[in-house]
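A.B. asks: Sharing a structure below in structure tokens format, with a few things to ask.
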Amino acid sequence: MARHESGELLEGLGTLMRTLRAAAAQEYAALDVGNTQAKFLRHIGRHTRISQAVLARATMTDPALTGRTIESLIERGWVRRTRSDEDRRQYVLELTAAGERTRKRVEDARERIAKRIAAVLDQKDARDFDRIARKILAAFGGAPR
């Protein structure tokens, strides 16, 4: 690839990411859930009894934003914060029944987005995308998907 094309590639990737974020925001808005809230509901649902610090690191979210978002999830009754059984100085997060229902709706919204993507990609496109994504992640020290 010529050097001038690499800037175009980066622009294309940026446009793709913004488009996917906007699609997610639109889906989540119908649920009255923000993107970060949705990300946290999904992660806490998969990793119950997780600390706020671990959640921030695992989701690559600024600790201050993590704190504000967790507070909003607690206020909405979707997340419960309790003392850790292992370390009484630490708090852990888990979904409430209402949070689990909301997490399920978030997962359904993500599935709708995934189906829109799958509808326009054939198997070769999907394999090529996966191969390219792995190369880009490796170039930045990211873990394979």
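A.B. asks: What's the ranking of 73-82, 39-48, 130-139 by average number of surrounding C-beta atoms within 10 Å, highest first?
C.D. replies: Taking the mean over residues of other Cβ atoms within 10 Å, the ranking is 39-48, 73-82, 130-139.
A.B. asks: Just to be sure I follow the rule: in the chain, considering lysines 8 or more places apart or on different chains, how many pairs have Cα atoms under 22 Å apart?
C.D. replies: Lysine pairs satisfying the spacing and distance rule in the chain number 5.
A.B. asks: Only four residue types carry charge here, +1 at the Cβ of Lys and Arg and -1 at the Cβ of Asp and Glu. Report the dipole size of the chain about the Cα centre in Debye, rounded to the nearest 20.
C.D. replies: The dipole of the chain has a size of about 320 debye.
A.B. asks: Please list, in order along region 84-89, the HN-Hα scalar couplings obtained from phi with the Karplus expression 6.51 cos²θ - 1.76 cosθ + 1.60 (θ = phi - 60°), rounded to whole Hz, x for Gly and Pro.
C.D. replies: 6, 6, 7, 9, 4, 7
A.B. asks: Then there's this: Compute the Rg/Rh shape ratio of the chain: radius of gyration over Kirkwood radius, all on alpha-carbon atoms.
C.D. replies: Checking Rg against Rh, the ratio lands at 1.04.
A.B. asks: Which value results when the Cα radius of gyration for region 1-78 is divided by 2.2 N^0.38 Å?
C.D. replies: Region 1-78 yields a ratio of 1.39.
A.B. asks: Further question on the same structure: Using +1 at the Cβ of each Lys and Arg and -1 at the Cβ of each Asp and Glu in the chain, identify which of GLY141, ILE44, LEU31 lies farthest towards the dipole's positive end.
C.D. replies: ILE44
Only the coordinates and a few stated rules stand behind these numbers; no lab work does. Quantities reported herein were computed from a predicted structural model and do not represent experimental measurements. Reconstructed Cβ throughout: ideal geometry from the backbone, glycine too, with neighbour counts over all protein chains shown.
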